[in-house]
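Encoded as structure tokens, the structure appears first; notes follow it.
Each reported figure results from applying straightforward, stated rules to the coordinates on display, with no laboratory input. Fair warning: this is a prediction, and the values are worked out from it, not measured in the lab. Note that we place each Cβ from the backbone using ideal geometry, even for glycine, and neighbour counts take in every protein chain shown.
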Amino acid sequence: MKVVIIIGIVLLVLVSVWYAKKTGINSEFHNKQKALAVSNILDKPLDFGYKMVWIAVKTNQKKRLAEIIKLKKTKQANWKSGIETAYEDGIYITPQIGEWTLITGNGLVNKRDDKENMAAVETLLNYLSTEFGEAHFFGTNRVVEYHSWMKSKNGKMEQIYSYLGESMENIKVFGEPTKAEEGLKLFNSLSEDAKNEAYFEREDLTYADEMLVMEIAEKWSVNPTKLSTRTDIKKELGLAGK
């Protein structure tokens, strides 16, 4: 009797799978999952920034930014749906924040701690700053302690600091410290001092974390964790895409 029941259950499952394929139920669900679901109802700015990467550009030309980064499936989106898209490996170009517009989303970089991908970000920043005067990149993820910032002006990279705490090494350090980094003795595994083991025992070194990334962002352009308290954000929709 038990054998008959088990066989019946197996047949029922097989028939269900066959029916789903025939009627397209499964593929329809899959397509819905892939579809970019956004809202164009104006809402209030949302804070973001942790476990995220973003670029700040001194412009409000969202369509031009979308063209430059080759954003696909572009749709107008409010803050809530735009930020959700950004955290789901999509990209969101925000409404204007003061003089700045942010391009945010885990889809911006394939692998954050990879030198080749970081070089691609440098190229993009220089392109953006050539056209708009200034562009910054920020990234942070507390899980692997990845923390990074870059500044480009008029097509030239001025500052890069990229650190991976998981392995206690820097991906790249370039340029002179800016005013935002004054007084900080940032850990630099690529420095001459780091060739001496005693360097790693120093107590006066500053190790980058997500809070420092936000502080640098605030001094350079926009701190995305404080958007909800700002009064200079334009009441408009952003652009979301893949």
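GluC sites (Glu not before Pro), restricted to the stretch 173-240: which are DSSP loop and have at most 12 other Cβ atoms within 10 Å? Could you put the intermediate results ahead of the total?
Numbers: sites: Glu181, Glu182, Glu192, Glu197, Glu201, Glu203, Glu210, Glu215, Glu218, Glu236; in loops: Glu182, Glu192, Glu203, Glu236.
Here the sparse-neighbourhood loop sites are Glu182, Glu192, Glu203.
All other residues with a Cβ under 15 Å from the Cβ of Glu176 taken together, and with Lys, Arg as +1 and Asp, Glu as -1, what is their net charge?
Values: positive: Lys151, Lys153, Lys156, Lys172, Lys179, Lys185; negative: Glu158, Glu181, Glu182.
Around Glu176, the charge tally is +3.
Taking the Cα-to-Cβ direction at Ile41 and at Lys63 and moving 7 Å from each Cα, how far apart do the two end points lie in nm?
2.7
Give, as a single signed number, the net charge of other residues whose beta carbon lies under 9 Å from the beta carbon of Phe137, with Lys and Arg counted +1 and Asp and Glu -1.
Working: positive: Lys151; negative: Glu122.
That sum, taken over residues with Cβ under 9 Å, equals 0.
What net charge is computed for the residues neighbouring Lys44, neighbours being all others with C-beta under 13 Å from the C-beta of Lys44, Lys and Arg scored +1, Asp and Glu -1? Write out the running numbers ahead of the final one.
Numbers: positive: Lys80, Arg230, Lys234, Lys235; negative: Asp43, Asp47, Glu236.
Around Lys44, the charge tally is +1.
Calculate the spin-label point distance for Tyr199 paired with Val144, positioning each point 7 Å from the Cα along the beta-carbon direction, and give it in nanometres.
Once both label points are built, they end up 2.3 nm from each other.
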